[in-house]
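One structure below.
The values are calculated or read from the model by the stated rules, or taken from the named source; none is laboratory data. Remember, it's a predicted structure, so these values are computed and weren't measured experimentally. Neighbour counts run over all protein chains shown; Cβ positions are idealised from the backbone, glycine included. Remember, those area values only see protein heavy atoms, side chains included, never the ligands or the DNA or RNA. Shrake-Rupley method; radii C 1.70, N 1.55, O 1.52, S 1.80 Å.
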Amino acid sequence: MGMAINRYVYINALRRPAFQSHEFTLSYSQMERVANISDIKHPALRVALEAFNHSYPMDISTLADLPSQSGLGSSASFMVGLINLLATLNDQPMTKLQIAQMAIELEREKLQHTCGVQDQLHAAFGGINYFELTGGRIRINPVLMTAERLQTFRDSLVLVLPA
């Protein structure tokens with residue numbers, strides 16, 4: 001069982017006009033301007049764009065409430081948000097589970113991250129959930145509680161960030 005917190009990753013994308021040169025401008029903690037996806041240094045941006053076979057120039061910028069390496073699932077949240085954005089831009093509707101599964105696949109297989117699956121699931125579904133993982137299947141069980149109990153629970157939480 002676990003839960004998502006109200007901290008966010010913001011990812012914006014803008015298709016560049018066709019008359020501009022074919023390039024990608026990426027703004028995160030660094031700035032990149034590249035002609036081809038394969039030249040992108042940011043690994044998560046590169047593998048996600050490759051996975052969607054992106055073919056048109058665009059500007060992508062990101063902001064986050066929490067820094068990377070915080071231990072609070074920021075990289076999983078970034079990947080989930082990026083996949084959701086790219087699916088929407090490509091008019092490819094995806095369910096929350098499909099987004100989480102793609103994020104897990106890209107992070108584990110393409111980026112070779114040693115990670116579980118809970119961060120991607122919590123980022124995709126939000127709220128408080130119990131995930132059952134058996135035989136490659138994922139079952140999502142939302143934890144339901146009254147508004148009063150939820151408020152009592154929230155009031156008892158403390159978020160501690162590393163220095």
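Here are a few things to note about the model shown:
- Tabulated pairs, region 43-70, first at pLDDT 90 or above and open to solvent by less than 50 Å² (accessible area, probe 1.4 Å), second among the hydroxyl-bearing types (Ser, Thr, Tyr) and not in a loop (DSSP other than H, G, I, E, B), C-beta under 6 angstrom, 6+ apart or interchain: Asp59/Thr25; Ser61/Ser27
- Complete set of residues in region 119-141 that are within 24 Å of Val9 (Cα to Cα) and open to solvent by 80 Å² or more (accessible area, probe 1.4 Å): Tyr130
- Residue count for region 91-118, restricted to those that are open to solvent by less than 40 Å² (accessible area, probe 1.4 Å) and over 13 Å from the mean Cα position of the chain (by Cα): 2
- Here Met31 passes the criteria (1) at pLDDT below 95; (2) over 18 Å from the mean Cα position of the chain (by Cα) except the one numbered (1).
- Among the residues of this structure, Leu97 does not count as one that is free of Cβ contacts under 8 Å to residues at least 60 places away in the same chain and either assigned to a loop (DSSP other than H, G, I, E, B) or more than 23 Å from Ile5 (Cβ to Cβ) (or both).
- Hits in region 5-26 - residues which are modelled with pLDDT under 90, open to solvent by less than 70 Å² (accessible area, probe 1.4 Å) and either touching a strand residue (DSSP E or B) at 6+ places or on another chain (Cβ under 8 Å) or assigned to a strand (DSSP E or B) (or both): Arg16, Glu23
- Where a residue in region 136-158 is acidic (Asp, Glu) and its partner, wherever it lies, is surrounded by fewer than 10 Cβ atoms within 10 Å (Cβ to Cβ) and assigned to a helix (DSSP H, G or I), with Cβ under 8 Å and at least six apart: none
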